[in-house]
Structure formats: C-alpha cells, structure tokens
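Read the structure below first, then the notes.
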Amino acid sequence: MTYRPLRAARSRTAALPAAALLLAATGCASATGAAGGGDAAGADRGGTLVVGATGKLPNPDTVIGGAGFEGKRLVSFQIYEGLTRYELLKDTDRPPVVTGALAESWQVAADARTWTFQLRKGVTFQDGTPFDADAVVFNLDRYLNPKSPEYTAALGAAAKEYAGDITSYRKTDADHVELVTKGPNGHFPEDLAHVLIASPTAVKKTGSADFARHPVGTGPFSFVSQTEGQQIELAANKSYWRGAPKLDRLIVKSLPDAAARTAALRSGGVNWIEYPNPDDIQTLRADGATIATNSYDHLWYWILDTAKKPWNDPRVRQAANYAINRQAIAEKLLQGTADPAYQAAPRATAAYDPAGDTYSYDPDKARRLLADAGVPNGFSTSVTVPTGGSGNLLPVPIAEALQRDLAAVGIKVELRTTDWTTLIGAEAKGQVALGSDAIAQSTTLFQSEALLPLFIGSKSPFWTGHYADPQVDALLASASGSPDQARRTADYRKALGLVTQDAPWLFVVNDRNPRALSPKVQGLVQPQSWFLDLTTVWVRR
C-alpha cells in the first residue's frame, strides 16, 4: 500500500493567522458535519485508513478489551456488535441514542425486569455462519456461566461491567431471546451495546484461549492480522448487514507518544491520528490536515482521597477547585480542544445543568476557604498522573499547570507519574498506584450509564477516594431503575449537583475529542460520543 504524506510544512509564523480563524470556528468536521466530500471523479469509496492511537491496543476477544474506550471504538466495535448499538451518524449536535443492532426491537414486561429481544434476520458472522438466538445464548454462557466450556475467568470479570445485571437468559424461538435482570434497569438496552457477540463456530474452532488470535464477529470490519499490542489490521466486511463499509482496509497502530503520532501523520505513516498535540494543531491545519472536534461525555479530573486530612474537609476540596484556572488550561495549554469543567456533569450530557457551573477561578476565595478549614498556610499532598492513555489529553502538562495554580494558594503537590494501564489496574482493585492522595484521570459518566455508580457510588469496587453520599446513592438507584429517560436525567442532574457541591474531585476540563486527518481521508461524521461509525469513511487515492 502507498501512504501519502501531508504537504511540506509551512513556517509556524505563516500558519498562525489562518489557524487562529479555524480554531475560532469549530473545525472542518465539527458537531454538524462530516470531514470532506466526494472527489471530482466520484470515487467516494475504498482505500486504507491507518490510525495512530494514543494507547495500547485492546485484546480483540470481545469484552476483554483493556485499552479504554479508544480501543473499543477503533477495534472492538469494528469487529463486533451487541444486540444494540449507538446511532452515531445522526443528530451529531446531541448525545447519541441507542438503537437496534443484532436485535431489531425489544420489549420489557410489567415487572420491569424481563426483556424480550426480537433478533435481526439474515445477519451472518464474518466467517459466513448465521447469527441467531443460539449464538446469543452461546455468548452469554461464555460470559456468565462458569460451567460453559468456553467460559474463562477473564471473560467473566470483563463481562460483569455490562452483563453482570443479567440473572437468566433463554432462547424462546429462533428469532427471540429473553433476558432477565436483577432489578429494574432503565439503561439495559445501552448496556447491551457493550455485550459483544462472537461467532460460536469460530470460538469452538480456536477455543476461548486462542480466540483473540482469530476473532470473528458481525461488525463492519473483519480481522486480518495483528502484532500484539502494536498494530491490528482489519478488512471491510462486504456482507455487513448495514451495507459494506466504504474503506477497503482499517489499520490501527499504537503510538502513545504525541510527537510520534504527529510525525507519523506528516510522513504518511498514518493518515489519521487520535488526539494530536494541541501545540501542533495550527501547523497541521496549515499543512492541509482536517481537525475534527465535537463535545462529548468526557471529564478530565483528579479524584481526591476524602478520607485523608485535609481532603476530608469539603471546604478544602472546594478551595482547590476555586484555585485552578481551567479556562487557561482549556484555551492556552490545550489550544481550544477542551472546555473548562465548572461542575461534575460533562457539558455534552443531558445531566449538565447550565445553571450549575460553580467553580470560577477565584484564588482569594480559595485562600479564605483554606483559612476557614484551619489550614491557612496550605498543606502538602500528592497525585498519581498517567503519562498517556485513552482520553487523557496531555496529562502531565495539565497536572503541572494545576500544580502551579494550587501552589499559589499554598497547596503543594508532588506529581508521581505512571502508565495508564498501571493506574486503572490499581484503581479497579480499590487502590492508588504509587500510594498518592489523589489520582488524575479521564472518564465517561453518561456514555454508558452503568459506569456511573462505579465512580460516585458508595459500594463501588473501584477506588473512589472513599467518597460516599446516601443521597447520591438513592438518586442513582432511582435513575437506574426507571425506563423513563426524563426521570433518569432529572435524578442524574440532582446527583451530580450534589457531587459538584461536595467536590470529591478536582473538576478540570471536558475534552472536545480532536483527531487530525490527512486531506485524503473523507466522509467522517464526528458525533458527540467516544465512539465512531467508520462505515462512511474512505481514503482518496
């Protein structure tokens, strides 16, 4: 295959005026449109898309993953589907809705626990075998039934996040399955978008232990090859039920270093990079790259240990939030690729309260709160910061900016760095990597509602900074149990309003999900989501 580099770079000075205008707009592929159009010859399909990812690549065995939502959007969701999926090509000025994928429709019984899914007919796996109710039961056995020959502890642990609410499941006929949840679960259809369905024939052929080497699903792209952790190559699934993708090939490369990603885009080694270094955006635009952005459900923040003095005092936590200049971080350090986060709810979620922005930049108020809390001279603390990873922006430079702002009001912060995998691995065990008083990370709160109790629920197995509020727990339970979206939104808004006031986190920025595309890459639709539908993308030759 042939890679075409961006045109030769212009000087940084010459690029500034045009780039500034483009930054003031929302980018060529913003909330309302797609990147590029058809070429003069009308050959609006084909080519190889080569993506430079920010972190390690996921284990491609269905739900195991392990590379955050970036790995899911670029690999897992391309190979596999669940009974449902996110609609990512419509209404890109609002969070995506959940629609049917391997299920055409569903109903919930009066008990609010028994769900019947009508399966889509005529769907085949990438190995040519048919999808049916038996395939659904086979995959649920693989995730939830320790007696299944295909079950593994790794699959069981990974599946708990989204399938752990299922207490029973059965085939009612060839085109219907019945799933029963522990209790009422209003977001169950969304959960099932993450419960990915593999080909039973392929799993039996390789065994679960080796399935990651030859994964087979029903998604728009089929597996070709991989260099474990470094590169994975996929090909268009010509028999995909929604219609074959426009691309011929999709290659995803692990390029954790931002400078290496930019260099690869400039040289033609890749034609798409996730999260370009904000300092490079102006010159990349000047060189012909498209910068696609849109708000989405994202928060970059610090989780504070609310069990340790003086972080156990809400006035101290509020003081820290007033001490930081989020706008400077968003506009200067991140070059407009993020928005300041003045509350717990990300901007691009229904739970965001426009009247709930609380923490302006007010160092004097921060000092008064510290004095009221009995620490007028400040204190020393520590935070563990990842060096990169899914959705983490520029974690160390952001942490250094926060360190300076906090020092100005007397809060002296020691930064301890580690890799993303180590940080989230420890967090999942209820621990803090490197034993700090806080951790820095990015997360989604509402892209998948099932995750919210893991971050602010008092019974979470994750490390939450020991934060607990019975009112928040009650609101989360009320929201989760209701199929009424308006009621769930109202409850979530109240819950996140309490979190904002309690300030167990240092709220910093909401990312705008930037990616840089070669001018050869066409057809991207950028939704308000962590995830992407790549079926419309093609690469001009």
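Worth pointing out:
- With every protein chain in place, the chain: carbon and sulfur % of accessible area (1.4 Å): 51 percent
- Full extension of the chain between D111 and A428 yields a length gain of 110.9 nm, computed as 0.36 nm times the residue separation minus the alpha carbon distance.
- Prolate/oblate/rounded call for the range 333-408, Cα gyration tensor, a/c under 1.5 rounded: oblate
- Spin-label pair A209-H466: with each label point 7 Å from Cα along the Cα-Cβ axis, the two points sit 4.3 nm from one another.
- Relative contact order computed over the chain (Cα-Cα under 8 Å; 6+ residues apart), in percent: 24 percent
- Taking 0.36 nm per residue of separation and subtracting the Cα-Cα distance, full extension of the segment from T124 to E178 would add 17.3 nm.
- The mean sequence distance of close C-alpha pairs (under 8 Å, at least 6 residues apart), as a share of the length of the range 154-201, puts its relative contact order at 34 percent.
- Within a straight-line Cα-Cα reach of under 19 Å, K309 can be paired with the following lysines, leaving aside sequence neighbours fewer than 8 residues apart in one chain: K412.
- Note on S267 and D353: their simple-model spin labels are 5.1 nm apart, each label 7 Å out from Cα toward Cβ.
- Dipole size of the range 198-288 about its Cα centre, with +1 on Lys/Arg Cβ and -1 on Asp/Glu Cβ: approximately 500 debye, rounded to the nearest 20.
- Among T201, G229, P189 - extreme Cα towards positive end, dipole of the range 168-236, charges at beta-carbon: T201
- Radius 14 Å from Cβ of T381, net charge of other residues (Lys, Arg +1; Asp, Glu -1): 0
- Helical content alone sets the calculated 222 nm signal of the chain at -7500 deg cm²/dmol, taking -39,500 (n - 2.57) per DSSP H segment of four or more residues and averaging over every residue.
- Charge-dipole axis of the range 390-541 as Lys and Arg at +1 and Asp and Glu at -1 on Cβ define it, positive-most pick from S448, A438, T535: T535
- For K309 and R487, a Förster radius of 35 Å and the Cβ-Cβ distance give a FRET efficiency of 0.35, rounded to the nearest 0.05.
- Solvent-free Debye scattering, log10 I(q)/I(0), computed from the Cα coordinates of the range 448-541 at q = 0.14, 0.18 Å⁻¹: -0.68, -0.88
- Magnitude of the charge dipole, the range 483-541, Cβ model with Lys/Arg +1 and Asp/Glu -1, debye to 20: 380 debye
- Gain in span if fully extended, R404 to E228, counting 0.36 nm per residue against the direct Cα distance: 59.4 nm
- DSSP beta bridges confined to the chain are antiparallel in about 75 percent of cases.
- Each label was represented as a point 7 Å from its Cα along the Cα-to-Cβ direction; for S458 and S382 these points are 3.0 nm apart.
- Options V123, L255, T172, ranked by Cα towards positive dipole end of the chain, top entry (Cβ charges): L255
- Under a model in which nothing but the beta-carbon of Lys, Arg (+1) and Asp, Glu (-1) is charged, the chain shows a dipole of about 1060 debye around its Cα centre.
The values are calculated or read from the model by the stated rules, or taken from the named source; none is laboratory data. Everything numeric here is computed off the predicted structure, so don't read it as measured data. Counting neighbours? That spans all protein chains shown, and the Cβs are built from the backbone with ideal geometry, glycine included. Ligands, DNA and RNA are excluded from the accessible area calculation, which covers all protein heavy atoms including side chains. Shrake-Rupley method; radii C 1.70, N 1.55, O 1.52, S 1.80 Å.
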